[in-house]
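Worksheet: one structure, shown below.
The values are calculated or read from the model by the stated rules, or taken from the named source; none is laboratory data. Because the structure is predicted, anything quoted here is derived from the model rather than measured. Don't worry about glycine lacking a Cβ; one is built from the backbone with ideal geometry, like all the others, and counts go over all protein chains shown.
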Amino acid sequence: MSAAAVLERITGVPGVRGALLVSSEDGLLVAERVMEGIDARAVAALVGSLVGRVARTLDRATMRAPTFVQLRCAEGAVLAAPAGSS
């Protein structure tokens, strides 16, 4: 399944306002499908930084890397599922 098809499928879920593919190395946006008014680049940078920081912290604590990260706030949530290297 193509990246575009995956993003379309995710954004078809009621309540989902966007879906992104983000480079974990630098937080750059790879692909996106978001509602108007959402700054996809800013969300990508936030997610890249958040997942990277959590992974580094767990590594230093000799724990496994996260398989899922959730950031909740008053206006919604950001869910991240880090993928392995391809």
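One line per residue, one yes/no per condition, for (1) out of contact with any strand residue (DSSP E or B) (no Cβ under 8 Å at 6 or more places or on another chain); (2) closer than 14 Å to GLY18 by Cα:
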residue: ARG33; (1), (2): no, yes
residue: ALA44; (1), (2): no, yes
residue: ALA61; (1), (2): yes, no
residue: GLU75; (1), (2): yes, yes
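Would you confirm whether any residue within the stretch 34-52 is hydroxyl-bearing (Ser, Thr, Tyr) and assigned to a helix (DSSP H, G or I)? The answer is yes, given that some residue of the stretch 34-52 is hydroxyl-bearing (Ser, Thr, Tyr) and assigned to a helix (DSSP H, G or I). Figure legend. Inter-residue proximity from the stretch 1-30: first residues in a loop (DSSP other than H, G, I, E, B), second residues among the hydroxyl-bearing types (Ser, Thr, Tyr), beta-carbon distance below 8 Å, spacing 6+ or different chains. Indicated pairs: ARG17/THR11; GLY27/SER49. Of all positions in the stretch 58-75, at least one carries a residue that is out of contact with any Cys (no Cβ under 7 Å at 6 or more places or on another chain), modelled with pLDDT under 95, assigned to a loop (DSSP other than H, G, I, E, B) and surrounded by 11 or more Cβ atoms within 10 Å (Cβ to Cβ).
Summed over the stretch 31-44, residues that are small (Gly, Ala, Ser) and in contact (Cβ under 8 Å) with a residue 24 or more places away in the chain total 2.
Does GLU36 satisfy the criteria of being of a type in the set (Asp, Glu), on the phi < 0 side of the Ramachandran plot and under 12 Å from the mean Cα position of the chain (by Cα)? No: the conditions fail for GLU36. Among the residues in the stretch 8-17, are any of a type outside the set (Asp, Glu) and within 10 Å of the chain's Cα centre (by Cα)? Within the stretch 8-17 (the criterion being of a type outside the set (Asp, Glu) and within 10 Å of the chain's Cα centre (by Cα)), the answer is no, since none of the residues qualifies. Given the criteria within 18 Å of GLN70 (Cα to Cα) and surrounded by 16 or more Cβ atoms within 10 Å (Cβ to Cβ), does VAL13 qualify? Considered against the rule, which asks whether it is within 18 Å of GLN70 (Cα to Cα) and surrounded by 16 or more Cβ atoms within 10 Å (Cβ to Cβ), VAL13 comes out as no. Every test in (1) modelled with pLDDT of 90 or more; (2) surrounded by fewer than 10 Cβ atoms within 10 Å (Cβ to Cβ) is passed by ARG33 save one, and that test is (2).
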